[in-house]
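To start, the structure itself, in structure tokens.
The values are calculated or read from the model by the stated rules, or taken from the named source; none is laboratory data. Fair warning: this is a prediction, and the values are worked out from it, not measured in the lab. As a convention, Cβ positions derive from the backbone with ideal geometry for all residues, glycine included, and neighbour counts pool all protein chains shown. Areas reflect the complete protein model, heavy atoms only, side chains present, ligands, DNA and RNA absent. Shrake-Rupley method; radii C 1.70, N 1.55, O 1.52, S 1.80 Å.
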Amino acid sequence: ACRCYSATVECGALRLRVVPPGIPPGTQTLFLQDNSIARLEPGVLAPLAALRRLYLHNNSLRALEPGAFRAQSRLLELALTGNRLRALRVGAFAGLAQLRALYLAGNQLVQLLDFTFLHLPRLQELHLQENSIELLEDQALAGLSSLALLDLSRNQLGTISREALQPLASLQVLRLTENPWRCDCALHWLGAWIKEGGQRLLSSRDKNIMCAEPPRLALQSLLDISGSSLICIPPSVHVEPLEVTANLGEDLRVACQASGYPQPLVTWRKVAQPREGQPRAQVQPEGGAPRPGGPGASDTGSGMLFLTNISLAHAGKYECEASNAGGAARVPFQLLVNLSQQQQLQLAPVPPPAAGPVSHEPLQEAGSMAFRALGLATQTAIAAAIALLTLTALLLATMICRRRRKRKKAPGPPGEGALFVNDYSDGPCTFAQLEELRDERGHEMFVIDRSKPLFAEGPTEAADGAATGPAQGLPLQPPAAYEIHC
């Protein structure tokens, strides 16, 4: 069981897997070392706002969630030594504005990304020794303007930039020993800086910065090497072939061979920035898994470009770039996409309708290959245009129907027009059965004589042999008219 005295709670070496509940809210010092705590549950530390010191060393923590210590605004000392932390997320230490000492030694950290410690403006000691740190980004230590001690000894650092140490305006102790330093032109500044005044930050032991490579400088102290010996070889790049034609749906792998010293960093990218929704190149180390950027990112690797399920959007110009401290080199690469005859027919423009105004732009079905190759924004615009045209057509049809109904319902003056009635009882009509009359006001009237034979040879005479009515030979009894839909 935990022991409590004064404002201190001791729960060390109790094989705990979680932070025990029921800790008094007024606790200022909490010992949780030598347990098996693997995760800090969200909000588990929220009731402990009065904490000043928290000791979680020698547990099994694998990650720190952003905001895990947000409620500990009074915390001065945080010990996380001897856990299994492999990475630190931005925001992991948010809320610790008063923190003075942070112990992260003996973990499994591999890299420190930009702005990892941005929320620690009053931090004075940062212990990162005995990890596996091989990359320290230029802005990883940004915000540590009050830092007095930085311990990076016993890691896997091969180089460090001047920009990485620039935010440390208050630095008094710097420990860099027992790293596999690569003594090339990128480290020239460190030796010059130490000789000019940086040596005040190093103890006699810390000044012993030994070179691990190149072989001709191995086991020599950086301070004993002249600046002219710290050289770099600019990269050279080779891609073969420089142009490839691939078929739709195929996979493609292109090698980019780069040489130089130090080993160049290789990056593949598409020259023209792809539109939204178009695939980008995925770069992987040969024989390995994708890098953390994942598909769609301009990741770096050992020089292999992988393209899967090639579409029209993959076609275009690419560029392989290799860079190191000595410079950069680029080589262009062209990818062409070949279409079979059947695929060309699928992508052929749809012929315009016979009548009416039409667009001369080629139209593609929504499921066609060309339509899928369009960007997401373009597809959305085409779908919206089709929906708008359909709605417009429906509205026009509705208006036409309403007008026709109004015309049929509207009463006309006597003698104007005729009452049209469909009548197909005698079979289909022809224009030979139609005659044109005009009423007293001159309006045209079309009537049909059902007694008139089809394709009549001559005009029909009235019973008395004389022409009656305005049209000769046309009986007007009974006075009926029929609408003809031919």
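Each label point was placed 7 Å from the Cα along the Cα-to-Cβ direction; for residue 49 and residue 392 their separation is 6.2 nm. Packing around the peptides 239-247, 395-403, taken as the average count of other Cβ atoms within 10 Å per residue, puts them in this order, highest first: 239-247, 395-403. The value obtained for the stretch 27-128, namely the Cα convex hull volume divided by the number of residues, is 78 Å³ per residue. Protein-only accessible surface at a 1.4 angstrom probe places the residues 331, 271 in the order 271, 331, largest first. Computed from backbone phi, the HN-Hα couplings of the stretch 98-104 come to 9, 4, 10, 9, 10, 10, 10 Hz, rounded to whole numbers (Karplus: 6.51 cos²θ - 1.76 cosθ + 1.60, θ = phi - 60°; Gly and Pro given as x). Residues whose amide H lies under 5 Å from that of residue 220, counting only those 5 or more places away or on a different chain, are 211; hydrogens are built 1.01 Å from N in the peptide plane.
Kirkwood analysis of the Cα pair distances in the stretch 140-285 returns a hydrodynamic radius of 18.6 Å.
Across the stretch 138-152, computed HN-Hα scalar couplings (Karplus, 6.51 cos²θ - 1.76 cosθ + 1.60, θ = phi - 60°) run 4, 10, 5, 9, 4, x, 8, 6, 9, 5, 9, 10, 10, 10, 10 Hz from first to last residue, x flagging Gly and Pro.
Counting charges near residue 32 (Lys, Arg +1; Asp, Glu -1) among other residues having Cβ under 15 Å from its Cβ returns a value of +2.
Distance between the C-alpha centres of the stretch 22-69 and the stretch 187-260: 41 Å, rounded to the whole angstrom.
Its relative contact order, with pairs defined as Cα atoms under 8 Å and 6+ residues apart, puts the stretch 1-179 at 13 percent. Residues whose amide H falls under 5 Å from that of residue 261, counting only those 5 or more places apart or on a different chain, are 233, with hydrogens built in the peptide plane. The amide H of residue 135, built 1.01 Å from its N in the peptide plane, has 112 as neighbours under 5 Å, considering only residues 5 or more places off or on other chains. With all protein chains in place and a 1.4 Å probe, the accessible surface of the stretch 1-179 carries 47 percent carbon and sulfur.
Rounded to the nearest whole Hz, the Karplus-based 3J(HN,Hα) values (6.51 cos²θ - 1.76 cosθ + 1.60, θ = phi - 60°) of the stretch 82-96 follow the sequence x, 9, 10, 5, 9, 7, 10, 7, 5, x, 5, 10, 4, x, 8, with x at glycine and proline. Here the stretch 1-179 carries DSSP beta bridges of which approximately 10% are antiparallel, counting only pairs with both residues inside. If you take all other residues with their beta carbon under 15 Å from the beta carbon of residue 85, and give Lys and Arg +1 and Asp and Glu -1, the sum is +3. Its alpha carbons give the stretch 1-179 an Rg and a Dmax of 16.0, 50 Å.
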